[in-house]
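The values are calculated or read from the model by the stated rules, or taken from the named source; none is laboratory data. Everything quoted here is computed from the prediction, not taken from an experiment. Every residue, glycine among them, receives a Cβ derived from its backbone with ideal geometry; neighbour counts consider all protein chains shown.
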């Protein structure tokens, strides 16, 4: 079996079009995960114990169940409760919820690293809880955890092929369709691997730039 460059160039535009779906799912998914993860973290620290209890065990439940099961649940089970979404939107929500649980732990580590004196100083300045979080705690907690957040960004990008289970034509599923149509899998799957590698390295470079931008200690 030899690699046919002519065939590879012919199918490349189709794979790049599918790559847009993969990238969009990743961007939307990580955005949802970043916001929802912070919500879980803040909720776990509030004084109202039922809220903290619910947030804590929601995070544990999501972390302890496979992403693919969660995708299937949202796509096949949720419509029975009146929640019907498109395959793409279902995939984005599943990715966002799943990774929000992991980002919640990342945020928690960053917040726990903020010196206790910062909380006391905010209280002495008569800052409200919202201003304390927004102006004092979060700006200090986020930069040190950027590398970990970047790792989950790359991990989510590589998990997007799971969306093919609910008929989302992302990059890998498109390559499988092309391979089945032409009875050649070497070229489409090789191109998929190359595209994933290029985007993953690009995401890692972006994270390193963020580390430099925010002055993370040890950024290289």
**Request:** With respect to residue 61, determine if the residue is buried (at least 16 other Cβ atoms within 10 Å of the Cβ) and assigned to a helix (DSSP H, G or I).
**Result:** no
**Complete:** Considering segment 182-207, residues that are in a helix (DSSP H, G or I) and out of contact with any helix residue (DSSP H, G or I) (no Cβ under 8 Å at 6 or more places or on another chain), and then whichever is farthest from residue 147 (Cα to Cα), we arrive at 186
**Request:** Working only within segment 168-181, note down all residues that are assigned to a helix (DSSP H, G or I) and surrounded by 12 or more Cβ atoms within 10 Å (Cβ to Cβ).
**Result:** 171, 172, 173, 174, 175, 176, 177, 178, 179
**Item:** Among residues of segment 1-22, those that are crowded, with 17+ Cβ neighbours inside 10 Å and out of contact with any helix residue (DSSP H, G or I) (no Cβ under 6 Å at 6 or more places or on another chain), counted
**Value:** 1
**Request:** Any residue in segment 4-20 that's at pLDDT below 95: show its pairings with residues that are outside any helix (DSSP H, G or I) at Cβ separation under 7 Å, as long as the two are six or more apart or on different chains.
**Result:** 7/184; 18/169; 18/170
**Request:** Determine whether residue 106 is crowded, with 19+ Cβ neighbours inside 10 Å, under 30 Å from residue 129 (Cβ atoms), out of contact with any strand residue (DSSP E or B) (no Cβ under 7 Å at 6 or more places or on another chain) and modelled with pLDDT under 95.
**Result:** yes
**Prompt:** For segment 185-199, does any single residue satisfy the condition of being under 18 Å from the mean Cα position of the chain (by Cα), at pLDDT 90 or above, closer than 19 Å to residue 91 by Cα and buried (at least 19 other Cβ atoms within 10 Å of the Cβ)?
**Reply:** yes
**Item:** Any pair with Cβ under 6 angstrom, 6 or more apart, that starts in segment 112-131 at a residue that is farther than 16 Å from residue 46 by Cα and ends at one that is in a helix (DSSP H, G or I)
**Value:** 114/137; 114/140; 114/141; 118/136; 122/132; 122/136
**Request:** For residue 45, state whether it is on the phi < 0 side of the Ramachandran plot and touching a residue at least 12 places away in the same chain (Cβ under 8 Å).
**Result:** yes
**Request:** Restrict the check to segment 144-160 and report whether at least one residue is closer than 24 Å to residue 95 by Cα, touching a helix residue (DSSP H, G or I) at 6+ places or on another chain (Cβ under 6 Å) and not in a helix (DSSP H, G or I).
**Result:** no
